[in-house]
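A short write-up of the structure that comes next.
The values are calculated or read from the model by the stated rules, or taken from the named source; none is laboratory data. Because the structure is a prediction, the values reported are computed rather than measured. We place every Cβ from the backbone using ideal geometry, glycine too, and count neighbours over all the protein chains shown.
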Amino acid sequence: MPPIPPRPLGQYRHVRFVAAQIAIEAPVDLLIVGMQEKDGGRSGAEQVDLALHGTLGRLRAGGIFTGMAGEELTLWAPPAPIGARSLMLIGLGAGLAGDPLRIGRLTCQAMRSAHCTHARKVACLLGWNGLDMPEEGIEEIAAAMMRGALLALDGLDTPPRPVEWIFDIRNGQAQRTAAALENALATWHSVE
């Protein structure tokens, strides 16, 4: 599949949203990766685990970070090939597929936590390529992710610095995902 060019989605408060394909080597301040309780083999967490020679698997096996929904762990200065200055793991739980409310809550959590790190460029790879979701649910899941991020912003004092938030759209339906993210952002603006 050829790379998809980044797609600007718009801005809300101090955050500029972009949809793009995210690689774990991306030079960002913070890479947010969703990790399930069980190894799915295709998700961003499994890519990170492979790059880190099984570190995430050992964290899971040792009970340090199991991937339980809402669990969170930040690794500062992860080694190459991770390109981010820090890596945040968010637990997705056992069965997140097709649950927009839960993915929205987890995105809200990720946005709030990202602000605590003072990251200015954030790549959010919460789990698109690791979630088994029906094609008809793609728009609903994408919209829930955007609404979760926006809800978090409404609950924060606006810092004086701009932030770029990149949503990963490497799920096989990049155009539909990006359009749904953009529509959710536009709708949020209109109800304020």
Check your understanding: If we keep just the residues of segment 81-100 that are modelled with pLDDT under 90 and outside any loop (DSSP other than H, G, I, E, B), which is surrounded by the most Cβ atoms within 10 Å (Cβ to Cβ)?
Key -> LEU92
Study note, to complete from the structure: Only one of (1) hydroxyl-bearing (Ser, Thr, Tyr); (2) buried (at least 19 other Cβ atoms within 10 Å of the Cβ); (3) at pLDDT 90 or above does not apply to SER43, and that is (3)
Review point. If you check LEU52, LEU59, which single one turns out to be aliphatic (A, V, I, L, M), over 24 Å from ASN171 (Cα atoms) and crowded, with 16+ Cβ neighbours inside 10 Å?
Key: LEU59
Exercise for review: Confirm whether ILE64 is in contact with a helix residue (DSSP H, G or I) (Cβ under 6 Å, 6 or more places away or on another chain) and among the aliphatic types (A, V, I, L, M).
Suggested key: no
Check your understanding: Out of segment 163-177, which residues are more than 13 Å from GLU139 (Cβ to Cβ) and not small (Gly, Ala, Ser)?
Key -> VAL163, GLU164, TRP165, ILE166, PHE167, ASP168, ARG170
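Can you pull out the residues in segment 155-168 that are acidic (Asp, Glu), surrounded by fewer than 20 Cβ atoms within 10 Å (Cβ to Cβ) and within 28 Å of GLY44 (Cα to Cα)? Write out each step before concluding.
Pass one, segment 155-168, residues acidic (Asp, Glu): 157, 164, 168.
Now drop any that are not surrounded by fewer than 20 Cβ atoms within 10 Å (Cβ to Cβ), which leaves 157, 164.
Once the filter is applied, which keeps residues that are acidic (Asp, Glu), surrounded by fewer than 20 Cβ atoms within 10 Å (Cβ to Cβ) and within 28 Å of GLY44 (Cα to Cα), segment 155-168 yields only GLU164.
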**Study point:** Breaking point among (1) at pLDDT below 95; (2) buried (at least 20 other Cβ atoms within 10 Å of the Cβ); (3) assigned to a loop (DSSP other than H, G, I, E, B), for MET35
**Key:** (3)
Check your understanding: Among the residues of segment 82-90, is any among the basic types (Lys, Arg) and touching a residue at least 12 places away in the same chain (Cβ under 8 Å)?
Key -> yes
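Being in a strand (DSSP E or B) and aliphatic (A, V, I, L, M) is the filter here, so list the residues in segment 140-180 that pass it. Can you show your working first?
If we filter segment 140-180 for residues that are in a strand (DSSP E or B), which is where we start, we get 163-168.
VAL163, ILE166, listed by residue number.
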